[in-house]
1. If the elastic network links every pair of Cα atoms under 10 Å, which of Thr223, Thr273, Thr201 fluctuates the most in the Gaussian network model of the chain?
2. Please give every one of the aspartates and glutamates within straight-line cross-link reach of Lys23, meaning a C-alpha to C-alpha distance under 20 Å, and leave out same-chain neighbours fewer than 8 residues apart.
3. Scale the Cα Rg of the chain by the rule-of-thumb value 2.2 N^0.38 Å and send over the ratio, two decimals.
4. What value, in deg cm²/dmol to 500, does the helix sum -39500 (n - 2.57) over DSSP H runs of n ≥ 4 give at 222 nm once divided by the residues of the chain?
5. Taking every pair of distinct Cα atoms and averaging 1/r, then inverting, what Kirkwood hydrodynamic radius in Å comes out for the range 170-282?
6. Treat every Asp and Glu Cβ in the range 165-215 as -1 and every Lys and Arg Cβ as +1, leave all other atoms uncharged, and give the resulting dipole magnitude about the Cα centre to the nearest 20 debye.
7. Taking the Cα centre as origin and putting +1 on Lys and Arg beta-carbons and -1 on Asp and Glu beta-carbons, what dipole magnitude results for the range 43-175, to the nearest 20 debye?
8. Return the subset of Lys48/Lys73; Lys188/Lys247; Lys182/Lys243 for which the Cα-Cα distance in this structure is over 25 Å, preserving the input order.
Amino acid sequence: MADLTDYGLTVTQSMTQPSRPGKQPRPVWEVTGITAGYEDLLYSLGAKRWRGKFSFWEDPTEAILDGVQSQGKTSFAARVEGAQERADARAERFEERAAAADSRADALTSQANQMAEAIPFGQPILVGHHSEKRDRNYRARIAGRYQKAHEEGEKAEYYAERAHAAERAAAPRDIGFMQRRKEDAATKLRDIERKIARRDTYPDTPEHAAWLVRLDALHAEHTEEIAYWSAQIEAAGGIPYSKETVKKGDLFHRRRGGWGTTVWQVVRANPKTVSAVSAHTPFPLSIPYAEIAAIVGHSDT
């Protein structure tokens, strides 16, 4: 009969460790293993993400097994697209909050300015006068509005920064990014294949059997990831530069690195990368061909 270990998942019961005085520990079930692709299922069953693990207040084993068998695993492509859609929605929410906070800041500043106009320029508080207390309270209300306007302005800046970060996450990926993700997955896949190739040398125990199942699940995961990024790169027109098209002395702009207009000069063209220097680097750096944005000239020096 199938169980969760057949899918690379494990449910472990433990106890919470409350930091609040007087709060009692309670049982908690944690889901670990190859959870990639099962996130939506786990959240739909009531999971909470805590310190990198999916946690439940009741044993979710049967419900997860039913869901895995009936719904299957979300594809890597669907996960990437879903993450970008969620990032786009976050950006919109944060933009709305930033605009609302900015509007409140403007309104409070306007109110404070209008209140301040009632006080003659340079008019001091008349200490001992019957108006002293009222005048102090009035000025305190003005200062309070300015303070609240400042706080709302800080909120607007915070939400604007969050919106900008979400926009970057939702933005279409360039070829350099996609190639890096593909290479990362390929590196992990090679490591897993080396371990799988030695599977006959491992002890025949339930623990090693479960470990091999996880390796198989990771193998499938990274294989799917490589296929996805390969298709995305192909759809974007492929990597236009290679050892055959880039020569020593070529000048180019890089897709990343913080210097969008910096000119790099090729020192050597390698099979997968170029060795290149710029005004910002005292020695050559290895740069993948996918990160070359455009060849902009040639130098013989």
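The values are calculated or read from the model by the stated rules, or taken from the named source; none is laboratory data. These figures come from a predicted structure and were not determined experimentally. Neighbour counts run over all protein chains shown; Cβ positions are idealised from the backbone, glycine included. These area figures cover heavy atoms from the full protein model, side chains too; ligands, DNA and RNA do not enter into them. Shrake-Rupley method; radii C 1.70, N 1.55, O 1.52, S 1.80 Å.
1. Thr201
2. Glu58
3. With N residues counted in the chain, Rg over 2.2 N^0.38 Å equals 1.54.
4. Taking each H run of at least 4 residues, the total per residue is -18000 deg cm²/dmol.
5. That comes to 17.0 Å for the range 170-282.
6. Taking the Cα centre of the range 165-215 as origin, the dipole is about 160 debye.
7. Approximately 500 debye in magnitude.
8. Among Lys48/Lys73; Lys188/Lys247; Lys182/Lys243, the Cα-Cα distance tops 25 Å for Lys188/Lys247.
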